[in-house]
Every structure is written in C-alpha cells, then in structure tokens.
Amino acid sequence: MSTTAISPASIESQWSLPYKGSVGMACLITAESAIFTIFVVAYIFYIGKSLSGPTPKEVLELPIFASICLLSSSLTIHAATGALRKANLSAFRLWWFLTLTLGAIFIVGTGREWHHLIYDKGLTITTNLFGTTYYSLVGLHAFHVCVGLIGLFTILLLALFGKVRQEHSRNVDTFAMYWHFVDIVWIVVFTVVYIIGR
Amino acid sequence: MSSESIALTAVREPSRALSDWLYSWVTTVDHKRLGILYILYAILFLIIGGIEATIMRIQLIVPHNHFVSPQTFNQMFTMHGTTMIFFVVMPVLFGFANYLIPLIIGARDMAFPRLNAFSFWLTAFGGFLLYFSFIGGNGLYGAGGAPDVGWFAYAPLTAKTFSMGHSTDFWTLSLLVSGFGSIGTAVNLVVTIVCLRCPGMSLGKMPLLAWLNLVMGAMVLIVISPLTAAQVMLCLDRFLGAHFFDTQAGGSAVLWMHFFWIFGHPEVYVLVIPGFAFASEIIPVFSRKPIFGYPIMVAATVAIGFISMSVWAHHMFTVGMSSYGNTFFALTTMIISVPTGIKIFNWLGTMWGGKLQFKTPMLFCIGFLFQFLIAGLTGIMLSAAPFNWQLSASYFVVAHFHYVIVGAILFTIFGAFYYWFPKMSGRMYNEKLGKLHFWLFVIGFHLTFDFMHIPGILGMPRRIYTYEPGRGWEIWNLIVTIGVFFQIVAILVFVGNLLYSMFKGDPAGNDPWDAWTLEWSTSSPPPEYNFARIPAVRSRRPLWDIKHPEDPDWKYE
Amino acid sequence: MSTTGGSLLAASLFSVRSCFAQASQVPDIFKPASTPADSIHRLSLFVLIITALIFAVVFCLLAYAVGKFRHRATEDGREPPQVYGSNQMELAWTVVPVLIVLVLFFATARVIHSVQEAVPPPGAIQVTAIGHQFWWEFRYPALGVVTANELHIPVSDPAHPTPTFVKLLSADTDHSFWVPQLSGKTDLIPNRINSLWIDPHETGMYVGQCAQYCGTQHAKMLLRVYVDSPEQFSNWVAAEKQPAQSTDAVAVGRQIFEKTACTNCHAISGTVANGRFGPDLTHLMSRETIASGAASNTHENLKLWIRNPDSIKPGSLMPAMNLNDQDLEAVTVYLESLR
C-alpha cells in the first residue's frame, strides 16, 4: 500500500523558503567570483615581473569617467527596480534605459582606452606579463558587462512592449543582482589594476 | 490515523514510434530521465576508460614491452584520467543527485529543469569533443591527436612549443565546456535543496543525501571556476600569444600548478562526498538503525568542505616551496583527517548494535568502509611532506588515489546502483549476480591496487610507458595487471545483471528495502510528477514515523 | 701531458668500473644511503607505525561489528534499539585523532626543517643539474667539469662532511630528480631555481629517474649516481677536466663529426664543437650508458643511436643523422676515443 507522510496542515501553511531566482543568481555570482579571484591573483602575482615592455605606470590612465558611469548605473538600476515594485512602469523604463546607457558608456570608454594602449602605447596581450594579465582581467570584466548589457537591452525591449509589470519584480531583481555584482567586480579590478598595480 | 495514496497505479502507456520515444528522451527536462541519461553516459565512458587502463596495464605487464608506442601510452594515461574524473565519476554522481534529490526532499523536479537539461548536454558534448581528438587533431598517427599531457596538464608542457598541434586544445576545450555543465548542475542542486524542500523539512530534518549533495554543489561552484580560469589562461597563451605560463617571458609553471590544484584537490572531495551520501543512506537501512550522530555528520562534512580548500599544495610538496609552505600544507592535510575519521566512526556506530543485512548494496558499503580506511591512512602517509618527497609522482600515489576513487567512491556508487535500481526501473536485480560482482571486484581491486603500492616504494615513477628490468618492479606489475581481468569480468557481470533485470527482474514494489526516506513512498518507477500530493514531514525518517506510529523519530530528534 | 692524463683516466675508469659491475639495483626508499633519505626513512617508519595501529583498531571494530551484529534468521522481526548518537563517543573520537595529528605534525615539521634548512658545510660539492627533454646536464662550476646523465659525487665522512648540494634548473619543461636511496625528489622547473642535497655514507652506484612527466621519453630519462671514494672522485674530476684527447687514428671520424650537424647540439671541449642542446661528449666513454641510461655504452649501441635514435628512444630529440655506413663507423670510432 502506498503511503505518505502526513502532518497537521499548520506546517504547510507556514512553510516558506527563499525565492529560487535569488538563490540561483547568488550561486552563479559565487562561481563567477571564483573565476575573477583567480584572474586577480594572477594579476597581483605578476606585478613587477614583466621582463620587458611598458609598465603600468608608463601607460595606464585612471578611467575615472567610465568608472563613475558604471558605478552610477548601480544606483539607477536600484531606482528602476524600486519603481517596478511600486508599479511605476514609466519610471522603471526611464531608469532602466539610463542604466543601459551608463553601462554602454563604460564599454565605449574601455574600448577607447584599449585602442589607445594598443595603437599609441604598443601594449598588447603578447607584449609582456603586464599586457597579458591586464587585457585578460579587464577583458573578462568587460565581457561580463557586455552580457549584462544584452540582458538590460532585452528587458528594456520587453518593457517597451509592455511585457514587464509589477508581478515580474522578483525576476527583474534577480537580474539586478547580476548587474550589481558586475559593478562590485569593477571596484576590485580598478583597485588592483589602477591603484595597487601602478 | 489516515494515510493517502500518493501515487496512482502505473498506467501502461500506449506504445510509441521509436522516433517519438527517442525524441522524448533527447528533449526531456524531467530530472529522473536526465539522471538516467547521466548514469548511462557514465557507464559508457567507464567502459572506455577501463579499456584505456587495460591497454596501459598490458603494456606494463613486463619491462620493455612493445604493446603500444610511447606516444600512444602517454595518450592513454591522459585520456584515462580525464575520462574517469570528468566523464564517469562526475556525471554518475550528478545523475544520482538529479534522480534522487527532488524525490528525497519531496519536490516535483529540480529548480531549473531546462538548465538541468542544458547542463547535461554540455557535459555530454564535452566528452564527445574530447574523444573526437582521436580522429581530429593531428590525424591518425599512432592513435590520432588525443591529448598526451597528463590529466593535470602541467605547464609548460602544454605550451605551443612543447605541444604542437591541437591535442592540448581538445583537452582544454572539452573540459571548459563540461565545466559549464557542472556549474549549471551545481546551481540547480543548491537552489533545489535550499528552495524546494517539502513542508516540515527544515535543514535539520533533511536526509544526509540532501545535505551532502548541498555541500558538494556549493563546492563545485567555488572549485570548478579556478580550473575554468586556468584553462581560459591556457587558451589565451596558446591562441593569442599570452604569457600566463610562458616561462621564457617570466611566466610561472608553478602558477598553473596552484590554480589546477586549487581546483583539483577539492574536486576529489566533490567526488567522495556524494559517495559518503550513498553510504549514509544505505548503511542505516541495512543495519535497521538511524544514522549515528546526524548533526556531527553534517558538521564534519561542512568542515571537510572548508578545510579541503586549504590543502591543495600537498600535491606540490616537491616543487620547491619554502619549508613554511610545506609545513602549512602538511598541517592542513593532516587536520582534514579528523572530520573524515569522525565519519568513519559514525558509520561504524550506525552498524553497531544493529541487525545487519548483507544484501549487495550493504556489501559494497562495507567494502567502502574498509578501503576508505586504508586510503585515508595512505593519505596520512602522503601528508607527511618528507615522506611525500619519496612517494609523490610514484606508483604509491597512483595506488592511493585509486584506492579512494575505486575502492571508496566506486564501491559506494555500485552500492547506490543496487540500492536504487529497483526504484528507477521497478524491478529487482538478481541478488546472486550482485554478490558475484562484489566478490569478483573485491578480488580484482585488491590484486591490482594493494600490490600497486609496492613498486612506488621501490622507486617506480608514474606515467612511464616502460621500465628497466632489475629494479625489482617486474613481479608487482604482473600481479597488478592480473587483477585488471577480474575487474573486467566483474563489470561485465554488473552490466549484464542490470540489463537482464531491467526486462526480466521481479517487480520491486514501492519499498523493497523497508526504508524510511520519501523516495520509497512513491511508485517504482515514480510517475513524472513524483508525488500526487507534496508530502509534509516531521522528522528525518518520515516513513519510519508512519510504520512505527508508537515510536516516531520526531519524539527523539 | 696527454699520456699521463690518459693513463690517469684509464686507471680511474678501471677502478670505477670494477666497483660497479652490476648495472642495476633496486631503488628502495626503505634502504637509504644518505642523510636526507635517512631522515625521511625514520619519519616514514614512525608514520607507518601510527597508521598501522589506527588500521588495526578500526579494522577490528569493523570486523567485530560485521560478525556480531549480522541479522540472524531466528530472531524476531523487531527492529533493534534505535540509537541516534552519543556525544561522549563523538568527543572521544575527535580528541584522540586530534592528538595523533599533533604528534604526527611535530615529527613532520622537524624533518621538513632539517632537510630544507640544511646549510652547506665548507667541504660541500656544488653541482648544477639542468633538466632537458630527455637527459640530464651536470655542471660542477667550482671544479670546471661538465658532464651528462651519470653523476659522480664523493662519499661523505661524518667527521669531515662533503655533501653534494645540487642546484636544479630546467632548459625546457618540468622534470624531477629522484634517486630514492639518496634523497627525496625535487622538481626542476623552468624559470625557477630549486635545490636538493645528498650526503651519502656508502660508496656505490644508485639508480633513479625523472619523476615528473616531461614528454614522450619521460620513461627513459634515467639517472645514475656514482658515490665514489675521495680518491676515485678526485681522479674522476681530474680526468673530466681534461679537454678531449685526439689521435690521428680517428681524424676521419672527427672531421665528419665537426662538419655535420653534430656540432649544433653537442660540445667536445678542445674542439670547435660547442653545442648546448645535447649532452657534452668530451668524456663520453667514461659513462656506462648512453641516451640517459636507455642503452649501455657499447659500439653497437652507439652506432644504432646515431643511425636511428628512435629504435632506442622513440620520440627523443636526437635526429637520425643519415650517415652512410662508412661515415657512421668512422664517427663511432671517433666517439669511442673520447675517454
């Protein structure tokens, strides 16, 4: 005879566990943090060990404007998710669009910086250990920003078609976690590359 | 006290066209089917990896043998190691986790079924990509372009200068791809266990199988990424001329070793912890007692998970770290033996005073206890760094880690097969053949891996395609090779038993073992929705509470 | 004077060879013949005893449980007492292992320190070992000696110790120097300087081989260490320091050697050959083996090695030299004059 475990209904009514989207994103962020940690360790390990070629001091300029844009985008996305939770859809779209724009400015800034480094300063990934670790670490972060931009754009499109409403707050919050993570990683990368490493 | 039937009688489905049936399997997102796909995939690669091992052992049966060329032999040990770790043990453990976790926590499926399917196919593709190297890569010279850099692919042997052609790239890319699959499955495992437990199943009332897979999943998230990162760096070196591990440009070969072993050591705990989980479910049922010391077992496992991330450089005692580095890693490695030993004592405590039933799953778990004890003790020998300076990179180490992976992990996996086969297939396996498999495998295992310690002690390094006569190694290599054939026969008996029983075995019923966790409350095999009603539980052994209403667990926990 | 040098060489070779008639022996880590290997041996016995005791205790418990608590058909169908745990037991089997770990750890830390922090005494011999795919280069910077594959070191008297300190470098990929009876292994890693030391107290020939996978012919990157008496060692050094002695009888072979690609890889001191990619051949005939131990040093093997290295060591980096039979014989005869 097949049976089941039974219990008073009270257990069922009080039972609530965390939202799976947030936990899933936290897991992904854990894994990504581990990858970034290894690239940061490699960067720090190789500081000062290049046998030749330009040093960080000689070629790196602080990307202040791009960094301000990226870090502000955390504030705008926070405002966006707040607006969505209150069902203020037009505010949500506006803040979301700002977030996307600020992120795009950051990527354009990175691209210009790299163009300058490659063509004006002669620093490529094969030049020396600094080139290798710089482009891979900053590039890994930029790649994650690009993935975020694709997500931001997709959600913006959906929002413009009216598909994103208050009941999707949790889902959008989950994506916002990823975006905040990308910003925090930038703080670490900025510190390691442009402050400590120089 | 009433009880509800929670599974309808299995309905015979109308027979479908073969193409429909195949399509349903290829596109499935059902955790049970994906679990079975993982397990079947692992069995296929177990056989392939076993053939590679057999080829090596035949080459080494006498000194200066000419069974295969050195190039082929070097490909064999690389492929054997890579296959067994990434395409046999990890998939089979993910397969069992996939199948069992939702059932044992009273859920309908994993948290993200489509991610689950995607992860499986990524892993599967990784395996096929690795084996494509035999015909891709450098073509068919010898045995094609399969990687020959060893499963840990030390730099700078993997640099373009020393590994021309694409064989190393096959190694790197296949593991990169399957690594993403592993991370996907780990995300699913963690989220499912954290978020989908049935009402009443707090973390303290979760069966150990769920706890240990939670720890394993969390570890995979942290630990596969260093390998992924290192492999990305290797790709940058090989394809874009970067210098991460390029010693000519000031790069460090030791850095690869650190990154690899930061993955590699916790990885072996990722492999063994689900094995512990199987033992923690099987031993209580066949001792007719609850697991001894549940809270300590959880704490010990979590401790092992943490400590395991601090011991990695015990694989690097010979690379010339300072005495302080060597001392630190010797200490952490010795420390991890404490929670591990605690677990062995708790399993013994479970058996103590019980009524032991020596069915096949239990036999394999007892073998596991015996062999894991020995493996742990040879591990302690290896943790004493100066002793390690003699033993490392020798056949002693090969014997040690096979003792863990085959003697401990594979034995618990066999136990899990026999224990849950009735649930998955609805039929009982043949007990006599199961016992035959056990005894044949025990004989073969001990012939091979007990005596393998001796050539290591006598100075025989690993990864050599032949060896000099007169060093006292010949007799031991002969015995080691003979043991392989017992194991081959045992595996054939195992596979034959499963195949035959799948079609002709006696019907198993819901609960052939009189067990106590939720998977035994539904039909065998379970319906696609697992439970007609999501159960609610009050203790770690919900079925014990039902079967023993006068003495339920929740009074004592 | 060349004849004095020659007879000196012959004398030393004869005495060296007569001691080592047996070509191979068992490199057993439990038969140490040198101080660091001794320290490791003592520690390993201590560890073995402790692990054997642990095994005995746990195995007896397991065997007893399996025997005593098996389900007997005559028993009733009741379940045994459901015991959930015991805090005292958990404490006991936590505290005792922690104590064992502490004991093991201190014993281990002592030996790590004594081996790794050893300071070379004044009489120490300094050798630089450079790992190549798939042979060993040995240089004695203070003594002006360069040789390959077979290392000669003096036996060390505890009263006046003359240990050998070996600096470990690599020319290509990772290798590992392992002669079990003389010391634990240490890796040779490119762009890194490692070291080990040997303090042998018995003369003899000790075998080992590369212990870190380095490519196709890792298996045949063998090692021989000859622990000589002090006189044997100084004779050997004196002979090795001499440049190559050449006679007219081998002029043809020498010409071929110097005109073909041989000189790209090999060095023979006192001649134009100064390649560094392959072993130094100045005193090739003072070695008992060729191809880093893959074959014994005989006329036939030398010819075979030069004609077709893949027949002895397939995948080694020595190319087949494509000499005709006459030239091959001449070159071999020349090489055999390099004593």
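FYI, it's all coordinate maths here, none of it is from the lab. None of these values were measured; they are calculated from a predicted model. Don't worry about glycine lacking a Cβ; one is built from the backbone with ideal geometry, like all the others, and counts go over all protein chains shown.
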Under 29 Å between alpha carbons, and skipping anything fewer than 8 positions from C:Lys313 in its own chain: which lysines qualify?
B:Lys160, C:Lys167, C:Lys185, C:Lys220, C:Lys259, C:Lys303
Mind telling me which of C:Leu304, C:Leu188, C:Leu284 comes out most flexible in a GNM of chain C, alpha-carbon contacts under 10 Å?
C:Leu304
Which listed residue (B:Phe372, B:Val311, B:Gly204) has the Cα farthest towards the positive end of the charge dipole for the range B:28-555, taking +1 on Lys and Arg C-beta and -1 on Asp and Glu C-beta about the Cα centre?
B:Gly204
Given 37 °C and 0.692 mPa s, compute D for chain C with the Stokes-Einstein relation, Rh being the Kirkwood radius over Cα pairs; round to the nearest whole µm²/s.
141 µm²/s
I need the shape label for the range C:248-336. Rule: rounded when a/c is under 1.5, else prolate if a/b > b/c, else oblate, with a, b, c from the alpha carbon gyration tensor.
rounded
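Got a sec? How would A:Lys57, A:Lys49 order by Cβ neighbour count within 10 Å, fewest to most? All intermediate terms of the calculation are to be shown ahead of the outcome.
Working: A:Lys57 8, A:Lys49 15.
The most exposed by this proxy come first: A:Lys57, A:Lys49.
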Using a Cα-Cα cut-off of under 17 Å, which aspartates and glutamates could be cross-linked to B:Lys343, ignoring same-chain neighbours fewer than 8 residues away?
B:Glu281, C:Glu90
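What's the whole-number percent of alpha carbon pairs in the range B:412-557 lying beyond 17 angstrom?
Details: 7544 of 10585 pairs.
Taking all Cα-Cα pairs of the range B:412-557, the fraction more than 17 Å apart is 71 percent.
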Determine the distance separating the Cα centre of the range B:54-131 from the Cα centre of the range B:383-445; give it in Å without decimals.
15 Å
Within chain C, which complete DSSP H helices have Cα atoms spanning at least 20 Å along the helix axis and a mean Kyte-Doolittle hydropathy of -0.5 or higher?
C:2-19, C:35-68, C:87-116
Stick to the Cα atoms of the range B:141-193, pair each with every other, and give me the Kirkwood hydrodynamic radius in Å at one decimal.
12.8 Å
Could you tell me, in Å, what Rg and Dmax come out for the Cα atoms of the range A:67-183?
16.6, 52
Distance between modelled label sites at C:Tyr64 and B:Lys160, nm, 7 Å Cα→Cβ extension
6.6 nm
Under a point spin-label approximation (7 Å from Cα along Cα-to-Cβ), what is the C:His160-C:Ala249 distance to one decimal in nm?
3.9 nm
Give the angle, between 0 and 90 degrees and rounded to the nearest 10, that separates the Cα long axis of helix B:474-504 from the longest principal axis of the Cα atoms of chain B.
30 degrees
Positive-pole candidate from C:Leu328, C:Phe134, C:Ala124, dipole of the protein assembly as shown, charges at beta carbon:
C:Phe134
For the range C:125-241, what does the alpha-carbon gyration tensor say about shape, rounded, prolate or oblate, given a ≥ b ≥ c as the root eigenvalues, a/c under 1.5 as rounded, and a/b over b/c as prolate?
prolate
Using the alpha-carbon centroid of each, what span in Å lies between the range B:482-534 and the range A:86-158?
51 Å
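Treat every Asp and Glu Cβ in the protein assembly as shown as -1 and every Lys and Arg Cβ as +1, leave all other atoms uncharged, and give the resulting dipole magnitude about the Cα centre to the nearest 20 debye.
Details: 65 positive and 63 negative charges, 435 e Å.
Charge dipole of the protein assembly as shown: 2080 debye, to the nearest 20.
Rounded to the nearest angstrom and ordered from largest down, what semi-axes does the equivalent ellipsoid of chain B get from its C-alpha gyration tensor (root of 5λ)?
Numbers: eigenvalues 303, 133, 117 Å².
After diagonalising the Cα gyration tensor, the semi-axes are 39, 26, 24 Å.
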Where does helix B:208-240 land angle-wise versus the long Cα axis of chain B, in degrees 0 to 90, nearest 10?
30 degrees
Calculated P(r) tail over 22 Å for the range B:425-503, as whole % of Cα pairs
41 percent
Rounded to the nearest 20 debye, dipole of the range B:28-555 from Cβ charges on Lys, Arg, Asp, Glu
880 debye
Using alpha carbons only, how many degrees (0 to 90, rounded to 10) separate the axis of helix B:70-82 from the longest principal axis of chain B?
30 degrees
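Just to check, using Stokes-Einstein with a Kirkwood Rh over alpha carbon pairs, what's the diffusion coefficient of the range C:154-210 at 4 °C and 1.567 mPa s in µm²/s? Could the numbers behind the result be given before it?
On the way: Rh = 12.3 Å.
Once the numbers are plugged in, D ends up at 106 µm²/s.
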Name the residue from A:Val23, A:Leu94, A:Ile195 whose Cα lies farthest towards the positive end of the charge dipole of chain A, charges +1 on Cβ of Lys and Arg and -1 on Cβ of Asp and Glu.
A:Leu94
Nitroxide proxy distance, nm - points 7 Å out along Cα→Cβ at C:Lys241 and B:Tyr23:
8.8 nm
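My understanding is that a pair violates if its Cα-Cα distance is over 26 Å; which of B:Lys359/B:Lys555; B:Lys205/B:Lys355; A:Lys86/A:Lys163 do that in this structure? Numbers along the way, then the final one.
Working: B:Lys359/B:Lys555 30 Å; B:Lys205/B:Lys355 24 Å; A:Lys86/A:Lys163 16 Å.
Checking Cα-Cα distances, B:Lys359/B:Lys555 exceed 26 Å.
Mind ranking B:157-164, B:324-331, B:32-39 by how tightly packed they are, going by the mean number of other C-beta atoms within 10 angstrom, highest first?
Numbers: B:157-164: 18.6, B:324-331: 20.1, B:32-39: 22.6.
Ranking the peptides B:157-164, B:324-331, B:32-39 by packing returns B:32-39, B:324-331, B:157-164.
Quick check for me: using +1 on Lys/Arg Cβ and -1 on Asp/Glu Cβ, what's the dipole size of the range C:248-336 about its Cα centre, in debye to the nearest 20?
On the way: 7 positive and 10 negative charges, 54 e Å.
Roughly 260 debye, rounded to the nearest 20.
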Please report the projected area of the protein assembly as shown's Cα convex hull averaged over all directions, in nm².
48.6 nm²
Mean-square fluctuation check for chain C, GNM, Cα pairs under 10 Å: which of C:Phe69, C:Phe177, C:Phe165 is largest?
C:Phe69
Amide H of C:Gln209: which non-local residues (sequence gap of 5 or more, or other chain) have their own amide H closer than 5 Å, using H built in the peptide plane?
C:Trp178, C:Leu223
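Out of the DSSP beta bridges found with both residues in the range C:125-241, what percent are antiparallel (nearest 5)? Mind dumping the intermediate values first?
Details: 23 of 35 bridges.
Of all bridge pairs located within the range C:125-241, approximately 65 percent are antiparallel.
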Dimensionless Rg ratio for the range B:113-262, taking C-alpha atoms and the 2.2 N^0.38 Å reference
1.27
Nonlocal amide H pairs with B:Arg427, under 5 Å, H built at 1.01 Å:
B:Ala508
